[in-house]
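Quick note: the coordinates plus some simple rules give every number you see, no bench work behind them. Values in this document were obtained by computation on a predicted structure and should not be read as measured data. A quick note on method: Cβ atoms are made from the backbone with ideal geometry, for glycine too, and the neighbour counts reach across all protein chains shown.
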Amino acid sequence: MTDANSAIATYSPAYTIVPTYECFNRCTYCNFRTDPGESPWLTLSAATEILKRLKNEKVCEILLLSGEVHPNSPQRQSWFQRIYDLCALALAMGFLPHTNAGPLSFAEMQKLKNVNVSMGLMLEQLTPALLKTVHRHAPSKAPELRLQQLQWAGELKIPFTTGLLLGIGETADDWWTTLEAISEIHQRYHHIQEVILQPHSPGKQQIFDAPPFDPHQLPAVISKARQLLLPEITIQIPPNLVKDEQWLLACIEAGARDLGGIGPIDEVNPDYPHIQEQELKEILQPAGWELVPRLPVYPQFDSWLSKELQTAVNHWRKIFTSNSVL
């Protein structure tokens, strides 16, 4: 802990809204998806009721996390419009939307930029070897499609979050290749806010038969990632997937300074409840770390936003000023 900001760890007070769990991909480690036609899409009226209940919950970020509809499906336009309308609704009700809905077209990203303060997509791993194993039935996990999203986000000036999923059959060298690719694209566009390092954590729904990624390996991975990425990119880890308090602190010491969005449920890892703010403070504070809330857009990207989005962001920055929010 050497610089003025090194004793701070951040998180986003967030709530995840799922437009649909339906997904045409079948990643073998997934604990989120349902088959197309098996779950109803979230309606705007149901979303309105959810957002009304959140008004007094100190929730800032609304994460729109969706299963994917095939780009050539006749339902694609309706799916995209539902996501757009849910973002617009969240924005109108005073929240800051962040969408992660799989690969999108350039036009879709361009349109969503109007109702999102930031967006995201996990690269997971760029090795094509996984297309023969865990991604065999997941066409949108093709590495070139994922990388294209990062490039388009840069061209469109969309503040972006990406990341790696660790322990799904890749090698350590694959981690560094993926991180180097993120770094290379960021050096062109300077648009990556955060890189998530997410350890594979087995759940009840998946068919992937593999042990969890050893969280004791995480500090070393974080340390190397910190060397490969420019300092302005924040490294994020999900604390609910690092069970041991000492190893969570070791991860923060190694350079992971953000703990992600914290809400009632981790929709991606539903078998691992989020550690809530007060419990995290009780872990961090004795070790000298201050837990501080942040917005889903970092201050250096405010000027990239429309006037409407800047107004919404400024409102939240004033609310959190007393907490030294980022």
Notebook entry, point to check: Taking the highest mean first, how do the peptides 151-162, 111-122, 216-227 order by number of other beta carbon atoms within 10 angstrom per residue?
Noted result: 111-122, 151-162, 216-227
Check: Whose amide H sits under 5 Å from the amide H of T10, counting only residues 5 or more places off or on another chain, with H placed in the peptide plane?
Finding: D258, L259, V292
Check: What's the FRET efficiency of A210 with S39 using the Cβ-Cβ distance as r and R₀ = 30 Å, to the nearest 0.05?
Finding: 0.70
Check: Can you work out ³J(HN,Hα) from phi for every residue in the stretch 115-123, in order, using Karplus 6.51 cos²θ - 1.76 cosθ + 1.60 and θ = phi - 60°, giving whole Hz and x for Gly and Pro?
Finding: 10, 9, 7, 6, 9, x, 7, 6, 6
Next item on the list: Could you pull out every residue, at least 5 positions away or on a different chain, whose amide H is within less than 5 Å of the one on T16? Hs are placed 1.01 Å off N in the peptide plane, and Pro or chain starts have none.
Entry: L63, I265
Notebook entry, point to check: Which of the cysteines in the chain are isolated, no other cysteine C-beta under 4.7 Å?
Noted result: C23, C60, C87, C251
Next item on the list: Scan (1) 54, 46, 39; (2) 69, 45, 39; (3) 60, 51, 39 for the value of Cα extents along the principal axes in Å calculated from this model and give just the label.
Entry: (1)
Checklist line | Residue-by-residue Karplus 3J(HN,Hα) for the stretch 178-194, coefficients 6.51, -1.76, 1.60, Hz, glycine and proline x | finding: 5, 5, 5, 5, 4, 4, 4, 5, 4, 5, 7, 10, 6, 10, 7, 7, 9
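Return the loop-located GluC sites (Glu not before Pro) in the stretch 50-113 (DSSP other than H, G, I, E, B) with at most 16 other Cβ atoms within 10 Å of their own Cβ; answer none if there are none.
Working: sites: E57, E61, E68, E108; in loops: E57, E68.
Answer by residue number: E57.
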Next item on the list: Go through the stretch 200-215 residue by residue and turn each phi into a ³J(HN,Hα) via Karplus (6.51, -1.76, 1.60, θ = phi - 60°); whole Hz please, and just put x for glycine and proline.
Entry: 4, 10, x, x, 6, 8, 5, 10, 5, 9, 8, x, x, 5, 5, x
Notebook entry, point to check: Can you list the equivalent-ellipsoid semi-axes of the stretch 160-309, largest first and in whole Å, using the square root of 5 times each Cα gyration tensor eigenvalue?
Noted result: 24, 21, 16
Next item on the list: Quick one: go through the stretch 163-188 and flag any residue whose amide nitrogen is under 16 Å from the point 7 Å out along the Cα-to-Cβ line of A142.
Entry: none
Next item on the list: Please sort 15-24, 85-94 by packing, taking for each peptide the average over its residues of neighbouring beta carbons within 10 angstrom, highest first.
Entry: 15-24, 85-94
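Count the lysine pairs in the stretch 1-139 whose Cα atoms sit under 29 Å apart, keeping only pairs 8 or more residues apart in sequence or on different chains.
On the way: K52/K111; K52/K113; K55/K111; K55/K113; K58/K111; K58/K113.
Count of close lysine pairs: 6.
For the chain, what relative contact order do you get, as a whole percent, if you take Cα pairs closer than 8 Å and at least 6 residues apart?
Details: 571 pairs, mean separation 72.1, N = 326.
Result for the chain is 22 percent.
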Notebook entry, point to check: Over all pairs of distinct alpha carbons, what does the Kirkwood formula give as the hydrodynamic radius of the stretch 89-190, in Å?
Noted result: 14.4
Notebook entry, point to check: What is the spin-label model distance, in nm, from R26 to Q310 if the labels are put 7 Å beyond Cα along the C-beta direction?
Noted result: 4.9
